[in-house]
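First the structure, in the form of structure tokens, and then the observations on it.
Read the figures in this text as sums done on the coordinates, not as results from a lab. Quick caveat, the model's predicted, so the values are computed rather than measured. We place every Cβ from the backbone using ideal geometry, glycine too, and count neighbours over all the protein chains shown.
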Amino acid sequence: MSAARGRYAPSPTGPLHLGNARTALLAWLDARARGGAFVMRIEDVDFTRARPEFEARLLLDLRWLGLDWDEGPDVGGPFGPYRQSERGDRYAAALARLDVYPCTCTRRELRALPVTSMTGEPVYPGTCRNGQSHPGRPAAVRWRVPAGSFGFVDRLCGEHHQDIARDVGDFVLRRGDGAWAYQLAVVVDDVDMAITDIVRGADLLDSTPRQLHLLRALHPELPAPRFAHVPLILGAAGAKLSKRDGAPDLGALREAGAPPARVVAALARSVGLVPPDVREVRPQELLTVVQADAPLAHLAPQPLDLAGL
């Protein structure tokens, strides 16, 4: 395989919370420890929520944290554009190569479906699969998912299998309002940008079989990226960090004058990269404590400790 190429792909729909910041740090460490390139991609495909001011803020916050990138919307690169809002022609070309159909089911109708799948999502029953759509309603576009089980080996979570037709059903590739769906956009982007290694949160684990299934349909000749789904950040009680825990977002810490090295240390302690007594560390210094061949092999999630910030 060619030299490692990692990426971080935030959505500019609000302030960058600490869980996202930690994922960015881990993705950066994974790429840099391998001597690879690091790509910043802005996933602003949801035009109803994405805002330019949020993009500017998250890029500022990540640079303040000590991260850098070789390619991105603010620095350019050979595989741009690096904003999904500027890549619609690529998604349209991919969609034209797939077996799809219009779906006019409403959100209310979809929310009323029973949750019967291993993913915790309703399984689409194929209501519009055979042309039974409702004239006059906006139409989404669904992929007619081929039957069969699909699996992969995650670098952190191990083997993961999913029968997509049974556990998800035909899924949306373009929404009724015209927005491109994440599942299609991320596959097209990762192929176009030659991404070899994807580090992201464990909440996206169940999305991966869908994306790999799409990759196989669009580019059967290409190897799949390596995936590492990192643990979600924990609050003081040891459960997933939520708004109730009162943790500030990254920009709020920056604006309050928190030293970035202390924020990095808190994030590093929360996955066991440094001992509990390390109160300040910079991203470059963390490269000395991770292994080049398996940078994320020994993550040990701990509650986030923001004392001293």
Checklist entry - So which trypsin sites (Lys or Arg not before Pro) in segment 89-173 pass both tests, a DSSP loop state and at most 10 other Cβ atoms within 10 Å of the Cβ? => result ARG97
Next on the checklist: For the chain, take the longest principal axis of its alpha carbons; what is the angle in degrees between that and the long axis of helix 52-65, to the nearest 10 within 0 to 90?
Outcome noted: 40 degrees
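About the Cα centre, and with charges only on the beta carbon of Lys, Arg (+1) and Asp, Glu (-1), how big is the dipole of the chain? Nearest 20 debye, please.
Working: 37 positive and 37 negative charges, 129 e Å.
Dipole magnitude for the chain comes out near 620 debye.
Relative contact order for segment 190-233 using alpha-carbon pairs under 8 Å, separation at least 6, rounded to a whole percent? Mind showing how you got there, number by number?
On the way: 34 pairs, mean separation 27.0, N = 44.
About 61 percent, as a whole number.
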Item to check | Inter-centroid distance (Cα atoms) of segment 252-306 relative to segment 130-148, Å | outcome: 46 Å
Checklist entry - Taking the Cα centre of each part, how many Å lie between segment 172-194 and segment 77-110? => result 4 Å
Checklist entry - Along the positive direction of the dipole of the chain (beta-carbon charges: Lys, Arg +1; Asp, Glu -1; about the Cα centre), which of LEU267, GLY35, HIS160 reaches farthest? => result HIS160
Checklist entry - Compactness ratio of segment 90-182: Cα Rg over 2.2 N^0.38 Å, N = residue count? => result 1.17
Item to check | Taking the chain and dividing mean pair separation by its residue count, relative contact order in percent (alpha carbons under 8 Å, at least six apart) | outcome: 21 percent
Item to check | For segment 90-182: relative contact order, % (alpha-carbon pairs under 8 angstrom, 6 or more apart) | outcome: 30 percent
Checklist entry - Which one of MET118, CYS105, TRP64 has its Cα pushed farthest toward the positive end of the charge dipole of segment 58-185, where Lys and Arg give +1 and Asp and Glu give -1 at the Cβ? => result CYS105
Checklist entry - Highest GNM mean-square fluctuation, the chain, Cα pairs closer than 10 Å: which of PRO114, PRO231, PRO15? => result PRO114
Checklist entry - What share of the DSSP beta bridges in the chain is antiparallel, in percent to the nearest 5? => result 50 percent
Item to check | Cysteines (scope the chain) whose Cβ has no counterpart Cys Cβ under 4.7 Å | outcome: CYS105, CYS157
Checklist entry - With each run of n ≥ 4 DSSP H residues scored as -39500 (n - 2.57), what mean residue ellipticity at 222 nm is computed for the chain after dividing by its residue count and rounding to the nearest 500 deg cm²/dmol? => result -8000 deg cm²/dmol
